[in-house]
Each structure stands twice: as C-alpha cells, then as structure tokens.
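The values are calculated or read from the model by the stated rules, or taken from the named source; none is laboratory data. Predicted model only: the values in this text are computed from it and were never measured. No Cβ is skipped: glycine too gets one built from the backbone with ideal geometry, and neighbour counts run over all protein chains shown. To get the accessible areas, we keep the full protein, side chains included, count just its heavy atoms, and leave off ligands, DNA and RNA. Shrake-Rupley method; radii C 1.70, N 1.55, O 1.52, S 1.80 Å.
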Amino acid sequence: MADANAGAPKEAPDTPPLPADSLLIVPVRNMVLFPGMALPIALGRPRSVLAAQRAVREQQPVGVVMQRDAETADPQAVDLHRMGTVANIIRYITAPDGTHHIVCQGDQRFRVLDYLNGWPFLLAETLRLPESTLMSKEIEARFVLLKGQAIEALQLLPQAPAELMAAIQSVEQPGALADMVATFMDATPDEKQEILETVDVGARLERVSRLLSHRIEVLRLSQEIGQQTKASLDARNREALLREQMATIQKQLGEGDEGKNAEMAELEKAIADAGMPKEVEDQARKELRRLQRMPEAAGEYGMIRTYIDWLVELPWALPAERPIDIATARKILDEDHFGLEKIKRRILEYLAVRKLAPNGKAPILCFVGPPGVGKTSLGQSIARAMGRKFTRVSLGGVHDEAEIRGHRRTYIGALPGNIIQSIRKAGSRDCVMMLDEIDKLGQGVHGDPASAMLEVLDPEQNGAFRDNYLAVPFDLSRVIFIATANVLDTIPGPLRDRMEIISLSGYTASEKFQIARRYLVPRQLEANGLKPEQVALSDEALREIVEHYTREAGVRNLEREIGRVLRQAAVRVAEGEAGPIAIAPPDLKPMLGAPPFEDEVAMRTSIPGVATGLAWTPVGGDILFIEATATPGGGRLILTGQLGDVMKESAQAALSIVKNRADSLGIEPGRFERTDIHIHVPAGATPKDGPSAGVAMFMALTSLMTNRTIRSDTAMTGEISLRGLVLPVGGIKEKVTAAHRAGIKRVMLPARNRKDFEDIPEEVRDQMSFIWLERVEQAAEEALEEKALTPAEA
C-alpha cells in the first residue's frame, strides 16, 4: 500500500492495541464489495472514519459489511449482515469540504462471530473463509457457461468498455469470475449479498448464471425495442422530411393545391362526358367528393382514384349501330377460311338476324371442335364482318370466380374481372368477345367461375351485370359473345344450355392442301423473311406433307412442317444461293426426315383376328385396331390395352354374340370351351372407353374363329346389343373424316346414324362407300374375305 498514507488524517491519541483475529468493520449502504474487486466508499459516520483512520495508521485491513436497512443512521451489530469482505485500503482521500473517502480492494470473505464492545468504532471477532480452488467437471462447465454469458451481455450493452471484456476473458478461477460478474451485473444489493454469502463455488456460479441469464433476456428485448423504435422514428422523420420537400417542390412548380384542384376538375369533366347511367354517375360523384376531402398521402387516395379512373374509362355510351352487309360478310368469311360451308352459312344467318333485329336477343354461339380448325379466327371474321372491335378472354385454367366477377375494392390490388377488363380494352360496349376454351374452366376453393359465367351469358340477366369491383350495374346485352371449346362433356349443363353449339370437324386432305396453299405458305414465307419469287414449294411436295407428315384434324402441325421446310430454304437464301429454290417431294426427306405416318391398315389386317375400328377423341377422330388371338386354355376372356368398363362390357357382349351364332358363322361350338381368347387394343398407354367399338370387336372375334381376314379397306363403328342389333353412336363426322385421312375406302356405320350422313364433308362422301348396318350378320357378310386362310397362310 505505497500510497495508503496519501491524504491520511492526523495522528490520533494513543489507543490500546487491537485484539488478535479482530477486524475493523466499515458498514456500507446498498453496496457489496466482492473479493478481488476495488470500490470507492464514502465515509460519513464518525465511527467509520475512526475505523478507517486506525486501519490506515496501523496498516490493517477493514471488513466491509452491508447494512440490512439502508435507512438506519447508526447501525449496531444486529443491523448488519453476518457476511462481508476483508478489504485493504489502497487510498484514503480527505476532500476540501471535509468529507472522507477510501478506495478498497476486496481480499476474501469473512463471517462475523461476535462484535467486541468498548471501542469507539465497530470491531468484530471474525472467521476468514478461504476460496476453494477445486475444479470439478461440473464447476468447469458452469465456469465456461458463465464466461460466455458475460461476454454476450457485454456485447449487448451499447458502450461496454473493451478493458472489461479483456478482464473477463483473462479470469482463470471460477470463484473470481463469479465475483467479478456479480460486481458489474445489474442486480439488487440483496441479490449481490446472497451471492457473497454463497461460499460454495459451484452454487455461486449457478446463482450468478441464473441472474445473468435473466438480465441478458432483458437486454435483448431492450435492444429489439430500441431498434424498432429507432426504425419507426427514422421512417416518420424521413416521411415528414420528404413531405416537406415535396410540398416545397410542388409550390415551386405551381402544383400545390392549385394542381389538385385542376386534377379534380378534370375528373369531374370526365365523369360528365362518360355518358354514365344516373346510378353510376351518382356513385362516381360520391367517390370524387371523398377524394377531394382526402389528402394525397392518405392510404385510400390511390384506391379511390383508380376506381374513378375505371368508371370514366369504361364505354358506357352505346356507339351508333353499324350496318351489316351480308355480301361483304360472305366475302370476308371466304377470304379468311376455306371450306366450312355449313359453318359459314350459320354465321351468315346469325348476321342476317342481327341486321334485321339489332335490338333482339341473339343466340350465343359456341364453336366446338378439335384444335387448329379455326375456331378463334372465325370469331375474328365475325367481328370484321360486323365492323366491330374484337377482344378475347382466355378461360383455360381459370379456377377463381373473381377472375369473372372481379375482386371487391376492400382488397389491396383489387381489379375488375376479365369481362370488364376486356370491354375496357376494346373501348366499345358492342364488341365481339371471344370466350376461348370455355370447356377448360376450373373449380376451386375460390368459387366456381362456370357458375359466374351463367349471368354473363344469359340475355335476360346480363343487361345489369354487376362486377364486384365496380359495384354498379354494367350492360352486357349488346356484347356479341362467341365461345370456343374442344369438348362439350366438361361444360356444365346450365352453361351449355345458354349457348348454340356449332361443331367444326377436321379438314380433309384436299381442304388442308387448299388452306396450306392459300394461307399457310404465304404466312410462313412472310414469317421467315422470304419472298414468293425466292422459294417455290410445288403442289406435289405440299400434298406429300399433308398426307405423310401430318395426320391431325386441324392444320397447326401442317403449318409447323411448312415452316421447317421454308426455314431451311431461308438458310440457303441467306448463304447467297440464287433463287428461286424449288422444293419437290424428293427434297422433303432430307429436310423433314422419314415420313412419320404410313399406311399400316393393310399390314395389320392381313391376318385373321384384326379389325379396324373408329374412335372419337377431343382432338378429332382416329382409327384404332382391335386385335384378337386364341390360345389353348379353358374358355377365359383376357382384355388388355387399358380399356374402360364400358369397352370391356362391349367385348364380353361381342363374345356372347359370336358364341350364340357359332353354327351360322361356321364355328365349332366346343372350340370356345378349350380356348382362351385375348383381345388387345394397341396404344396401351392411352385410356380407351365407350360402346362404339362393339361391331369391331365382334368382327375381330368372328375373323379369328372363322380364320377369315377382314378387308383392309374397311373400317367400322357401332354399338351392339345381345340380340345382334347395331345401335347408333356419336362422332360420325369426325370418325369418317379420320378414316378418310387414313386411306380407308369403305366404312360400316349403324343404320340409325343415317341422319348424320349430311354432316360428313361432301368430298369424303364422294370418295368413300358407306354400308349401313342393322344387325351384326350384315357386318360379317360385308367385311370378311370369302376364303379362309390355311394354317400355313395364317
């Protein structure tokens, strides 16, 4: 204690020496000195001053003990805790105002055994408690935990001194670490006294760690709250500053209140000029008044402004009626589409009715057919013929009712439905609106859009269609709605009932040739940057592409193949080859590869047990083969090819009819009992179902059991009954057209389908023979070859 006498009091009169094992006591208020720590203590009581002076004079330590009650002015023995810290006075200071201060360095814990009377200061007999240096695994673990907590707590403090962090990291004794952390920890004096009185190092570490953990949580929450508060204040200050700057800029530009007034006047004029019905105009002016009273920074300002913009931009007024020229309409339809005579005739009838009764409720047309047959372009032609704007709404995959009716304005980012949006885009209330892919409307948790379409497509209701966003009625009665679909099965009955169905079948080969020559080739020439004089695609090459490189109901793949040919020609032109470049049939294979389609009917039907059937698909008609074979067995019927339940029942019915007529067909009846029959329909990955393959299955079984092949130029369709009757089926037009594309010359159809004969394209009717079946026996007579094959031939 080299500097202990600095500022020490004057020598006091002689007093008796202090007893052995006694300790001068300095009571303190609301503070605890731990061993190893240094703290300044202000001395105010005379007894404390005398004790400190005696300790300095005799170079004795003092015992620092905390009072139980800080309000006690002159504490006696009972007012002090029994546990304190032995401390060395390292500095004694007497201030100019006469106050006394000491700086003490804690040394070790002590317990007061008894206080000694007759002294002018507090003197006690004590038991000093040495610190345990035992380091068990548990103590070591708690030591590491507490050190980590202390470092974390310092990191959470805003201005923690780096020296304290270094001091904590350098402590190597668990007890010393607990005392150091307790000293600087934000704990109550009573909590610190409890720590001081915890002599066991492990228990002391646990107690300090528990208190520090609580303080760390408080510090974390305080830090988060502080950051949030700072961010909120920063955002508000930034917003206030920006508003002040914006107001100054607007004032400099003359766009303050005067600018807003001009904007309101412009909106009011737009409302007056929009030609709205009274109910709609009243709603628009009500919203405008709200907008005028609202500051531009308000959250609803933009929503109301957007709503008013929608109202004023919609075409409320009905434009003047445009005259419809039927002759011009016929010319436009012929220019835009080849063939489709029945469809064109129905469209002209529709336009004639619109011309004679412009205010009447015209039917809503729905074009149904496979992809690529021109359904959407027909709608565009109708718009051209009527001189009206055309707009298209894609309904494929729509599964939310709000896509049709719109969202309510309470939602952020709300918009009107697709119907109102399309009318605004067209800019006319009497536009032609194409509802594309109406058969692909979905249904989900957000409602049923197909049900929402009922109001749109009902002439009795759509005069006051109410979009959820607009919340005012809009008249759709003058809109010409035209829908398109690939199939009718997925369209709900009530929705289908509101439309007039017009079916478009696939094109014949000659029609495809004409379409390619008139429309597709010129379009692809332009798309590939070629001129007609640079490339010459011969008619023979074009027919080769139609017949051997595509087999579809429409012409989309045909256009792609033509594009592939012309792109390769474009490469040669770009390389500088002198034109015109002639493309003939022999040039197609190097350009397009080997033809993907070939005549496989004759090859497949060259053995008994194979019949050519006809099928209807969503993309048009197609041919399918029914194959049957027999193996030794016990009379089982095996069905493969991913057949549906109805098709399986047709196969069972066909087998029963063949068994029933075995004698008349020349089949040994006992053969069925010792033979397993396997019926397979190729393209096994494709599901198949329906009753129309009944005749083909009967013929395949008859051919198999009689060992007579079926004519390769003949295809068939029709449902059968157990009595042998041939029942009518659907899709005759598509099936016959597909047979014609596949090179079939004869088709056997149910006699009760004669009514569908007129629907078959005239070109197809002229090039094919038709056999009308009443009973299955007629099919066997017409289709089976006369001569049965020998076992060697089979």
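A simple packing score, the average count of other Cβ atoms within 10 Å per residue, orders the peptides 16-24, 510-518 as 510-518, 16-24, with the highest score first.
Give, rounded to the nearest 20 debye, the magnitude of the charge dipole that the chain has about its Cα centre when Lys and Arg contribute +1 at Cβ and Asp and Glu contribute -1 at Cβ.
Values: 96 positive and 111 negative charges, 308 e Å.
Here the chain has a charge dipole of around 1480 debye.
Per the Debye formula on identical point scatterers at the alpha carbon atoms of region 619-723, with no solvent, log10 I(q)/I(0) at q = 0.20, 0.22 Å⁻¹ is -1.07, -1.28. Annotation: for a label point projected 7 angstrom from Cα along Cα→Cβ of Glu668, residues of region 685-720 with backbone N closer than 15 Å are 705-707.
Relative to the longest principal axis of the Cα atoms of the chain, helix 137-156 runs at roughly 80 degrees. Mind checking which lysines have their C-alpha under 25 Å from Lys361, skipping anything on the same chain fewer than 8 residues away? Within the straight-line cut-off, Lys361 pairs with Lys278, Lys342, Lys344, Lys375, Lys389, Lys425. To the nearest 10, the accessible area of Ile482 is 0 Å² with a 1.4 Å probe.
On a per residue basis, region 362-439 carries 36 Å² of accessible surface, using protein heavy atoms and a 1.4 Å probe.
Taking the 1.4 Å solvent-accessible surface of the chain as the whole, the part contributed by carbon and sulfur is 51%.
Just by accessible area at a 1.4 angstrom probe, what is the order of Trp316, Trp616 from largest to smallest? Don't skip to the end; give the middle numbers.
Details: Trp316 15, Trp616 105 Å².
These residues rank, largest area first, as Trp616, Trp316.
Helix 257-273 and the long axis of the chain differ in direction by around 20°, with both axes built from C-alpha atoms.
Taking 1 over the mean of 1/r across every pair of different Cα atoms in region 111-177, what Kirkwood radius in Å do you get?
On the way: mean 1/r = 0.0659 Å⁻¹.
About 15.2 Å, per the Kirkwood formula over Cα pairs.
Ordered by solvent-accessible area of protein heavy atoms (1.4 Å probe), largest first, the residues His407, His446 come out as His446, His407. Pop out the ³J(HN,Hα) list for region 208-216 in order, Karplus 6.51 cos²θ - 1.76 cosθ + 1.60 with θ = phi - 60°, rounded to Hz; leave Gly and Pro as x. Those phi angles translate into 5, 4, 5, 5, 5, 4, 4, 5, 5 Hz. Measuring with a 1.4 angstrom probe and ignoring ligands and nucleic acids, Glu239 comes out at about 90 Å² accessible. Taking amide H as placed 1.01 Å from N in the peptide plane, Val726 has its amide H under 5 Å from the amide H of Arg775, Val776, each at least 5 places away in sequence or on another chain. Can you give the local net charge around Ser394? Use residues other than it whose beta-carbon is closer than 12 angstrom to its beta-carbon, Lys and Arg +1, Asp and Glu -1. The answer is -1.
Might you tell me the accessible area per residue for region 442-521, computed with a 1.4 Å probe and given in Å²?
Details: 2930 Å² over 80 residues.
Result: 37 Å² per residue.
Once backbone amide H atoms are built at 1.01 Å from N, Leu129 has Arg109, Phe110, Arg111 as its partners under 5 Å, excluding neighbours fewer than 5 places away on the same chain.
Sorted by average packing, counted as other Cβ atoms within 10 angstrom per residue and highest first, what order do 173-181, 631-639, 265-273, 672-680 take? Don't jump to the answer; show the numbers that get you there.
Working: 173-181: 22.7, 631-639: 12.0, 265-273: 14.3, 672-680: 17.1.
Packing proxy ranking, top to bottom: 173-181, 672-680, 265-273, 631-639.
Working note: Debye formula, equal point scatterers on the alpha-carbon atoms of region 25-127, no solvent; log10 I(q)/I(0) at q = 0.21, 0.23, 0.25 Å⁻¹ is -1.14, -1.40, -1.66.
Keeping all protein chains in place and using 1.4 angstrom, which order do Arg572, Arg478, Arg723 fall into by accessible surface area, from largest down? Let's see the in-between values first.
Working: Arg572 80, Arg478 30, Arg723 165 Å².
From most accessible down to least: Arg723, Arg572, Arg478.
Over all orientations, the chain has a Cα convex hull whose mean projected area works out to 67.8 square nanometres. Counting only alpha carbon atoms, the long axis of helix 694-706 and the longest principal axis of the chain meet at about 70°. In region 699-794, Rg over Rh equals 1.00, where Rg is the alpha-carbon radius of gyration and Rh the Kirkwood radius from pairwise Cα distances. May I ask which residue of Pro61, Leu24, Ala38 lies farthest towards the positive end of the charge dipole of region 11-81, with charges of +1 (Lys, Arg) and -1 (Asp, Glu) on Cβ and the Cα centre as origin? Of Pro61, Leu24, Ala38, it is Ala38.
Pulled fully out, how much extra length does the chain show between Met135 and Asp759, if you take 0.36 nm times their separation in residues and subtract their Cα-Cα distance?
Details: separation 624, 0.36 × 624 = 224.64 nm, distance 10.18 nm.
Once the chain is fully extended between Met135 and Asp759, it gains 214.5 nm.
Working note: Karplus 6.51/-1.76/1.60 with θ = phi - 60° gives region 426-434 the couplings 6, x, 8, 7, 10, 6, 9, 10, 8 Hz, where Gly and Pro are set to x. Just the accessible area for Arg57, please: 1.4 Å probe, Å², rounded to the nearest 10? The accessible area of Arg57 comes to roughly 80 Å².
Where only protein heavy atoms count, and the probe is 1.4 Å, what is the accessible area per residue for region 268-349 in Å²?
Details: 4480 Å² over 82 residues.
Dividing the accessible area of region 268-349 by its residue count gives 55 Å².
Amide hydrogen proximity for Leu614: with H placed 1.01 Å from N in the peptide plane, the residues at 5 or more positions away or on another chain lying under 5 Å are Leu624, Met716.
The coefficient of translational diffusion for region 54-210, derived via Stokes-Einstein from the alpha carbon Kirkwood radius under 20 °C and 1.002 mPa s, stands at 122 µm²/s.
Dipole orientation for the chain: of the candidates Met748, Ala582, Leu348, Leu348 has the Cα lying most toward the positive pole (charges on Cβ; Lys, Arg +1; Asp, Glu -1).
3J(HN,Hα) couplings calculated from phi for region 525-542 with the Karplus curve 6.51 cos²θ - 1.76 cosθ + 1.60 (θ = phi - 60°) are, in sequence order, 4, 5, 5, 9, x, 9, 10, x, 6, 8, 10, 10, 8, 5, 5, 5, 5, 5 Hz; Gly and Pro show x.
For Pro585, what is the net charge nearby, where nearby means another residue's Cβ is under 12 Å from its Cβ and Lys, Arg count +1, Asp, Glu -1? Walk me through the numbers before you get to the answer.
On the way: positive: Arg543, Lys589; negative: Asp539, Glu540, Glu544, Glu547, Asp587.
Charge balance near Pro585 sits at -3.
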